[in-house]
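Notes for the one structure printed next.
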Amino acid sequence: MKGFQLIRCMLFSVFGVFTVNTLAIADTQFVYADAFVNVKNGKLITRPLLEIQDGKIVKITANNRAPLPQNTVDLSGHTLLPGLTDMHVHLTADSQQHGYSGLADSLPRVTLTGAKHAKVTLMAGFTTVRDVGAPGFSDVALRDAINDGDIEGPRMFVSGHALGVTGGHCDNNLLPAEYKVTADGVADGPWGVRKKVRENIKYGATVIKFCATGGVLSKGTKVGVQQYTLEEMQAIVDEAHMRGLIVAAHAHGTDGIVSAIKAGVDSIEHASFLNDEAISLAKKNGTYFSMDVYVTEFILSEGENAGILEESLAKERTVGKKQRDNFRKAVKAGVNMVFGSDAGVYPHGDNAKQFSRMVEFGMTPLQALQAATINSAKLLQQEQLFGSIEEGKMADIVAIKGNPLDDISLLENVVFVMKEGTVYLQPALK
């Protein structure tokens, strides 16, 4: 009897291993295309065949017109690129509800709106985003729903509430005093901001964002004026870095930019009013700039109809051109740059419209593409997982017709999207 049981166990083990291996083989998939862009050196690799298992690229070979394996996504006539990353979005924000109109939506409503925008963003080729400010930890809920497979969307790095001073850009200044409204991210003083960082981490934040200066779309703030003191900024950065989180600072004005860099932030958002000191410090410290050089066009052409206050429109008229001029200076100086669109101020899904502006205002197409791939992955400290098409990295892949190094605007028409080996969008069958 014992011998029979031993044989039975052996047979079960053999067939169990056989079954697992069969499933593993069945789960192998391939992607073939005319070429893919090596974003590290700008070379075009022709006729690549990517082998994908468990959501990762395990092998890349050249297919010299040999028959394609079964389970291959044949993207002949297309060019592959790594999934794109937008480092400055607000998925729960609606581009058509600015100013007072934004007060009407409940927290559940903006969260559901975020679910819609998450899918639109993914279908535009952005497989990773950094969400830098959302009410009520709605961005955390959105990220968790995506991770659990409940909804479709990009990989999300989220900040929760953006920190700000009382009455500053990250406060809610639209209502009069009798309403006693203060934004959830408001914190003052070094220990106050440390507590707020800890609270954000407690409830799921994976990055920290704070407002170092006034902003365009806030009521009653001067866009170039510093808000947090250097001591407060240092406390935010120290607390976040101690917990292993990177820090983004909203900063338009020169003094705020310089102080934030001195405090040790990882990225400056907007960076509109740069000077030589700010550029020099950024290069010395390895600070990244995320400069939204497309959004000004939406604000000035569509903003009034979307509810943007005249005060904000006036500020944008002074900021937009200056920011674009300084974008050119920062690129020429060799500052680290990432792609940050501020989608949510303008329509989600239109993120890629910024690429052509980045090239228009000083970047090469390769530099613009690197900003949205390997540079962003490095800033997120995730360069071993995504940001380029390489063996061992996540199978985050998009495809377009044509060569983006010849025409960067082609990225506005992504026709194939894969995130971690799952296909979300592919060309229609002919």
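The values are calculated or read from the model by the stated rules, or taken from the named source; none is laboratory data. Everything numeric in this text was worked out from a predicted model, so none of it was measured. Glycine also receives a Cβ, built like all others from the backbone with ideal geometry; neighbour counts cover every protein chain displayed.
Residue by residue, here is whether (1) surrounded by 14 or more Cβ atoms within 10 Å (Cβ to Cβ); (2) modelled with pLDDT of 95 or more holds:
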| residue | (1), (2) |
| --- | --- |
| VAL14 | no, no |
| ASP27 | no, no |
| ALA33 | yes, yes |
| LYS43 | no, yes |
| ARG47 | yes, yes |
| ASP54 | no, yes |
| LYS59 | no, yes |
| ASN64 | no, no |
| HIS88 | yes, yes |
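Counting the residues of segment 97-115 that are in a helix (DSSP H, G or I), within 21 Å of VAL158 (Cβ to Cβ) and in contact (Cβ under 8 Å) with a residue 60 or more places away in the chain gives 1.
Have a look at GLY244, GLY214 and point out the one that is in the same structural domain as GLY136 (by TED's automatic domain parsing), of a type outside the set (A, V, I, L, M, F, W, C) and free of Cβ contacts under 8 Å to residues at least 12 places away in the same chain.
Details: GLY214 fails: free of Cβ contacts under 8 Å to residues at least 12 places away in the same chain.
Result: GLY244 is the single residue among GLY244, GLY214 that is in the same structural domain as GLY136 (by TED's automatic domain parsing), of a type outside the set (A, V, I, L, M, F, W, C) and free of Cβ contacts under 8 Å to residues at least 12 places away in the same chain.
If you go through segment 72-96 and keep only what is among the polar types (S, T, N, Q), free of Cβ contacts under 8 Å to residues at least 60 places away in the same chain and touching a Phe, Trp or Tyr at 6+ places or on another chain (Cβ under 6 Å), you end up with just THR72. Quick one: would you say SER312 is part of a helix (DSSP H, G or I) and outside the structural domain of ASP139 (by TED's automatic domain parsing)? So SER312 does not fit the description; no. Assess whether THR121 counts as being modelled with pLDDT of 95 or more, assigned to a helix (DSSP H, G or I) and surrounded by fewer than 23 Cβ atoms within 10 Å (Cβ to Cβ). No; evaluated as a whole, the condition is false for this residue.
Just to be sure before I move on: is ALA282 at positive phi, surrounded by 24 or more Cβ atoms within 10 Å (Cβ to Cβ) and among the hydrophobic types (A, V, I, L, M, F, W, C) in the structure I sent? Spelling it out, it is not the case that ALA282 is at positive phi, surrounded by 24 or more Cβ atoms within 10 Å (Cβ to Cβ) and among the hydrophobic types (A, V, I, L, M, F, W, C).
Against the list (1) touching a Pro at 6+ places or on another chain (Cβ under 9 Å); (2) crowded, with 20+ Cβ neighbours inside 10 Å; (3) not β-branched (Val, Ile, Thr), the condition GLU390 fails is (2). Please enumerate the residues belonging to segment 307-366 that are of a type in the set (Phe, Trp, Tyr) and under 23 Å from ASP276 (Cβ atoms). Result: PHE327, PHE361. For segment 360-389, a tally of residues being closer than 30 Å to GLY307 by Cα and free of Cβ contacts under 8 Å to residues at least 60 places away in the same chain returns 1. For segment 169-205, filtered to residues that are surrounded by 18 or more Cβ atoms within 10 Å (Cβ to Cβ) and in contact (Cβ under 8 Å) with a residue 60 or more places away in the chain, the residue that is farthest from the chain's Cα centre (by Cα) is HIS169. Each residue in segment 281-306 was checked for being under 17 Å from ALA263 (Cβ atoms) and without any contact (Cβ under 8 Å) to a residue 40 or more places away in the chain, and 3 pass. For segment 270-279, a residue qualifies if it is surrounded by 15 or more Cβ atoms within 10 Å (Cβ to Cβ) and of a type outside the set (Gly, Ala, Ser), and the qualifying residues are HIS270, PHE273, LEU274, ILE279.
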